[in-house]
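Each reported figure results from applying straightforward, stated rules to the coordinates on display, with no laboratory input. Predicted model only: the values in this text are computed from it and were never measured. Cβ placement follows ideal geometry from the backbone for every residue including glycine, while neighbour counts extend to all protein chains displayed.
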Amino acid sequence: MSIPPPPGPQQPPGPYAPQQPHPAWGPPPYGAYPRQPAVNGVAIAALVLGILCFLPAVGLVLGLIALGQIKRKGERGKGLAVAGSILSSVGLALWVVSLATGAAADFWQGFRDAARGEGTAFALAEGQCFNTPSGSLEGVTYDVDEVPCAQEHDGEVFAAFDLPGGRYPGDDEITRVADDKCYALQDDYAMDGWALPADVDVYYLTPTPQSWRLGDREVTCLFGSTAEAGTLTGSLRNDETTLDAHQLTYLKAARVLNTAMESEPDTEYVEDDLPGHQEWAGRVADALTEQAGMLREHTWPADAERPVADLVEDLDAAQKEWALAAESTDIDTFYEHYDKGYELIDPDKTVTAREALGLATTPPVYEEDAGAGGDGGESGGEGSGMQV
């Protein structure tokens with residue numbers, strides 16, 4: 001008995017030819033195609049740092065690390081790592097060149113200009129008042145809060161200047177220069193030293209070693225309170241922007257004498273340097289001649305005519321005594337004329353004229369009153385610095 005062969009495929013009825021089944025479209029089964037290796041993340045970071053030229057040394061290191069990982073793990077991103085390394089190498093070379101050629105100073109200037117916005121120490125300008133986060137004008141700061149001078153504040157800016165270039169001179173040298181220059185510049189902003197409160201002194205903002213390497217050379221001079229946790233209220237400015245023509249003339253004339261008085265020799269006693277003191281007396285005599293001439297030539301308001309005239313008489317008499325002191329041949333003769341001349345320029349003799357002109361009438365008292373005569377006198381003490 002034979003077994004019949006299995007039946008063949010069924011033929012559709014009618015005249016149609018046999019057809020193949022339609023393929024099934026859709027995703028192939030898992031594992032049908034091989035997966036691509038992942039892109040190395042460190043290579044991406046290296047490329048980003050290389051393009052931005054930000055921390056070029058870091059970008060170069062990351063590029064080298066990425067090449068090692070790619071080789072070991074079989075990851076993609078070799079081109080990214082190579083490109084990042086090259087760009088970072090170029091950026092690092094340019095950075096070194098910029099430091100060597102001074103181009104970093106241009107970078108710093110651009111940074112400082114960009115930083116001159118509200119809330120930074122670089123934004124401070126002459127006439128502005130501010131508070132510091134700590135309430136102190138000593139230490140290191142960057143953030144400040146600018147406030148109206150009419151409100152309570154920690155400091156008031158009165159001047160700024162740039163230090164010469166070169167290597168960082170050190171904190172002590174910067175402090176010395178800032179101290180000398182800021183004390184000299186304060187008279188341009190606060191022309192009437194009598195109007196400064198007793199607890200006000202000079203402070204300054206100076207570059208740090210780090211900012212110096214980027215080209216920062218600016219010193220900002222400011223007024224602050226010497227009292228513990230002390231503050232200021234109201235502007236201390238008295239110059240061409242706040243004074244009238246009569247007040248300006250009087251203060252400019254007074255400055256002539258003050259400058260001469262502050263040039264006294266450093267020796268403690270006349271006996272230690274009689275020639276030096278004779279030269280100084282000659283400078284004072286010349287200053288008195290100039291001061292009296294400035295006051296005599298100006299046309300004063302009616303209320304101030306007599307007080308100023310009386311002051312000029314004292315200045316003329318003082319000039320004669322200082323001139324004789326300059327011509328003295330021995331110490332006793334010098335002291336004789338020095339004492340008379342000094343008495344004639346006693347600050348109290350200027351109070352009447354000051355009152356008539358609407359100026360402060362209380363002479364300042366300094367801790368170290370070294371030969372301060374006339375209408376001003378020299379400031380005592382040393383300023384304090386804050387770095388930015």
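What GluC sites (Glu not before Pro) in segment 246-289 are in a loop by DSSP, with at most 11 other Cβ atoms within 10 Å of the Cβ? Don't jump to the answer; show the numbers that get you there.
Working: sites: GLU262, GLU268, GLU271, GLU279; in loops: GLU262, GLU268.
Sparse-neighbourhood loop GluC sites (Glu not before Pro): GLU268.
List the residues of segment 124-140 whose backbone N lies under 12 Å from a point placed 7 Å from the Cα of GLU152 along the Cα-to-Cβ direction.
Zone members listed by number: none at all.
Identify, among PHE223, ALA190, THR206, the residue whose Cα sits farthest towards the positive end of the charge dipole of segment 186-233, taking +1 on the Cβ of Lys and Arg and -1 on the Cβ of Asp and Glu, with the dipole about the Cα centre.
Value computed over the given set: THR206.
Grab the Cα-Cα distance for GLU268 and PHE161, subtract it from 0.36 nm times how many residues apart they are, and report the gain in nm with one decimal. Display every interim value, and only then the final one.
Values: separation 107, 0.36 × 107 = 38.52 nm, distance 3.28 nm.
Taking GLU268 through PHE161 to full extension adds about 35.2 nm, to one decimal.
Can you find, among THR352, TRP322, TYR338, the residue farthest towards the positive end of the dipole of segment 290-358? Put +1 on the C-beta of Lys and Arg, -1 on that of Asp and Glu.
Positive-end residue among those listed: THR352.
Cut-off 17 Å, label point 7 angstrom out along Cα-to-Cβ of THR289: give me the residues of segment 326-353 whose amide nitrogen falls inside.
Hits in segment 326-353 for THR289 at 17 Å: 326-328.
Which ordering of ASP154, ASP145, ASP187 is given by a fewest-first count of other beta-carbon atoms within 10 Å? Please list the in-between numbers first.
Numbers: ASP154 25, ASP145 13, ASP187 18.
Placing the least packed residue first, the sequence is ASP145, ASP187, ASP154.
At a 10 Å Cβ-Cβ cut-off, how would you order ASP239, ASP172, fewest neighbours first?
Details: ASP239 16, ASP172 8.
So the residues, fewest neighbours to most, are ASP172, ASP239.
Placing +1 at every Lys and Arg Cβ and -1 at every Asp and Glu Cβ, with all other atoms neutral, what dipole size does segment 119-236 have around its Cα centre, in debye to the nearest 20? Spell out each step's value before the answer.
Numbers: 5 positive and 22 negative charges, 84 e Å.
Here the size comes out at about 400 debye.
Treat every Asp and Glu Cβ in segment 178-257 as -1 and every Lys and Arg Cβ as +1, leave all other atoms uncharged, and give the resulting dipole magnitude about the Cα centre to the nearest 20 debye. The partial results should precede the final answer.
Numbers: 6 positive and 13 negative charges, 43 e Å.
The dipole of segment 178-257 has a size of about 200 debye.
Counting other C-beta atoms within 10 Å, which of ARG283, ARG72, ARG176 has the fewest, and how do the rest follow? Mind showing how you got there, number by number?
On the way: ARG283 16, ARG72 8, ARG176 13.
In increasing order of surrounding Cβ atoms, one gets ARG72, ARG176, ARG283.
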